[in-house]
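The block underneath contains the structure these notes are about, expressed in structure tokens.
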Amino acid sequence: MAQMKNTIREHCGCDADLESAKPVMAEYIATTRALHLWFHGAHNVTKGAGFAGDHVELYGRMYLQIQSDIDGLIEKAVGLLEDEELACPTAITTRAAEISKDYPSPASMTALAIVASGKSLVKAYLSFLDHIYSELEELGVLTLGLQDFISSAANAYEEFVYLLQQREKSELQN
């Protein structure tokens, strides 16, 4: 058991900076939660001719995927960094609320504005993932599994950009 205590150090090398990685992972979690809240909101307030498809197949699919990602992300962060404070719902939602203030709420938007804002948000999140990846790599805590997790998320969100882009084109043609 004592040998398992320093698993991430063994995985990534003794230069792993676990303490510095904790705020990075906390920001990753909170930013993902903010994204989840935004798309859950979009799911609830979508409107217009594309309502049924947007509600279920676009925003519903997106917020459920992001919700699943948050669960895996929190478990990975707690497991790798051995700090259950990374799962604190108050800290996560407080920071997510701060992040959300930088983006317009979908609550009073048109269908076109929701999709355009959502596309911008996902593109910003993809840039954020690139940044997080680099930061965690620099700290020496990027395990093979964490690399895969971030890469898989980027793959899914690139597909979301495509879906939002196509939906935006459809709305512009109406």
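The values are calculated or read from the model by the stated rules, or taken from the named source; none is laboratory data. Worth saying up front: this structure is predicted, and the values here are computed from it rather than measured. For neighbour counting, all protein chains shown are included, and Cβ atoms are generated from backbone atoms with ideal geometry for every residue, glycine included. To get the accessible areas, we keep the full protein, side chains included, count just its heavy atoms, and leave off ligands, DNA and RNA. Shrake-Rupley method; radii C 1.70, N 1.55, O 1.52, S 1.80 Å.
Observations
- Failed condition for L86, given (1) surrounded by fewer than 14 Cβ atoms within 10 Å (Cβ to Cβ); (2) within 15 Å of E27 (Cα to Cα): (1)
- From S20, S68, S108, residue being more than 20 Å from K123 (Cβ to Cβ) and at pLDDT below 95: S108
- Single unsatisfied condition, G50 versus (1) open to solvent by less than 40 Å² (accessible area, probe 1.4 Å); (2) under 21 Å from K169 (Cβ atoms); (3) at pLDDT 95 or above: (3)
- In the set (1) in contact with a Leu (Cβ under 6 Å, 6 or more places away or on another chain); (2) part of a helix (DSSP H, G or I); (3) in contact (Cβ under 8 Å) with a residue 40 or more places away in the chain, I66 fails one condition alone, (3).
- For the residues S105, S170, S127, the requirement of being of a type outside the set (A, V, I, L, M) and either within 14 Å of the chain's Cα centre (by Cα) or open to solvent by less than 30 Å² (accessible area, probe 1.4 Å) (or both) singles out S127.
- Check on L112, in a helix (DSSP H, G or I), under 19 Å from V56 (Cα atoms) and touching a residue at least 12 places away in the same chain (Cβ under 8 Å): yes
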